[in-house]
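This report refers to the structure that appears directly beneath it.
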Amino acid sequence: MTIRMSCFVLGALTIGAAGLSGCTTAASSPAGVSQMGGRMDMASVQRLVAGWPEASRMAAMDMMRKYGPPQEATASMLMWMNNGPWKWTKVSRETIPHNFPMPHPDLLEQAIDYQVPLDRYDDLARYDGSVIAERTKGQLSARCDKEGANFLAINLAHDVATGRRTVEQARSYYAAAMQRFMSSNQMDPYMQRIQFPMPSSNSRDPDRAVM
């Protein structure tokens with residue numbers, strides 16, 4: 001069984017872990033998609049994604065069942081803002097092949113505010129190439145094909161960033177957690193929610209002027 005197959009099952013288990021979040025209004029609506037109370041019309045979004053690859057379409061439906069229609073929708077992506085624990089969630093029509101820990105498509109990216117210590121960026125890159133740290137924005141995101149896998153990736157990224165685990169330990173934990181889920185549907189706590197306190201202060205780092 002591949003990670004893609006396991007994540008389809010994982011999505012059903014994670015539905016309902018968080019309620020609907022507050023809505024923000026998109027600046028404009030793409031052609032063919034209407035807005036209702038700051039969100040897109042569900043039926044229009046379903047028609048929009050009908051021709052997407054199966055994995056992207058399933059991720060879009062999972063996120064709509066959990067968080068409602070997105071605030072923004074185009075032919076290539078759906079966006080939710082401030083949904084559950086996430087600063088934003090993006091489902092992309094494009095899928096990106098990713099082989100760690102087993103082959104699967106990356107298409108669901110979710111972000112939090114987080115300031116990564118400057119000496120840990122290389123470690124995070126070695127830990128998981130689909131964990132993206134942005135210093136200036138003060139953001140940390142993970143991209144996989146289901147939310148549970150993103151929770152797992154972010155929680156382990158925090159462990160690496162804080163020195164709780166080495167890169168090798170984090171990669172081993174990730175693979176073991178996914179293997180347990182695939183073999184027995186046992187969902188690790190790291191796959192269920194963010195396991196550390198969210199930053200309470202501004203995580204952005206605009207750097208300093210030198211001229």
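The values are calculated or read from the model by the stated rules, or taken from the named source; none is laboratory data. If you're wondering where the values come from, they're calculated on a predicted model, not measured in any experiment. Methodologically, a virtual Cβ is constructed for each residue, glycine included, from the backbone with ideal geometry; neighbour enumeration extends over all protein chains shown.
For every residue, the table says whether it meets (1) out of contact with any Lys or Arg (no Cβ under 6 Å at 6 or more places or on another chain); (2) closer than 19 Å to Gln192 by Cα; (3) polar (S, T, N, Q); (4) modelled with pLDDT of 95 or more.
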| position | (1), (2), (3), (4) |
| --- | --- |
| Leu124 | yes, no, no, yes |
| Ser130 | no, yes, yes, yes |
| Thr136 | yes, no, yes, yes |
| Ser141 | yes, yes, yes, yes |
| Ala153 | yes, yes, no, yes |
| Ala157 | yes, yes, no, yes |
| Ala161 | no, no, no, yes |
| Thr166 | yes, no, yes, yes |
| Arg171 | yes, yes, no, yes |
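Residue by residue, here is whether (1) free of Cβ contacts under 8 Å to residues at least 40 places away in the same chain; (2) among the polar types (S, T, N, Q); (3) touching a helix residue (DSSP H, G or I) at 6+ places or on another chain (Cβ under 8 Å) holds:
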site	(1), (2), (3)
Asp119	yes, no, no
Arg165	yes, no, yes
Arg193	no, no, yes
Phe196	no, no, yes
Filtered residue count, the stretch 144-198, keeping only those that are among the charged types (D, E, K, R), under 24 Å from Gln115 (Cβ atoms) and surrounded by 23 or more Cβ atoms within 10 Å (Cβ to Cβ): 1
Residues of the stretch 167-189 that turn out to be in a loop (DSSP other than H, G, I, E, B), in contact (Cβ under 8 Å) with a residue 24 or more places away in the chain and not charged (D, E, K, R), as a count: 2
Residue set Gly11, Gly84, Gly16; condition closer than 30 Å to Pro199 by Cβ, at pLDDT below 80 and either within 14 Å of the chain's Cα centre (by Cα) or among the basic types (Lys, Arg) (or both); output residue Gly11
Filtered residues of the stretch 137-174 (kept if of a type in the set (Gly, Ala, Ser) and farther than 20 Å from His98 by Cα): Gly138, Ala161, Gly163
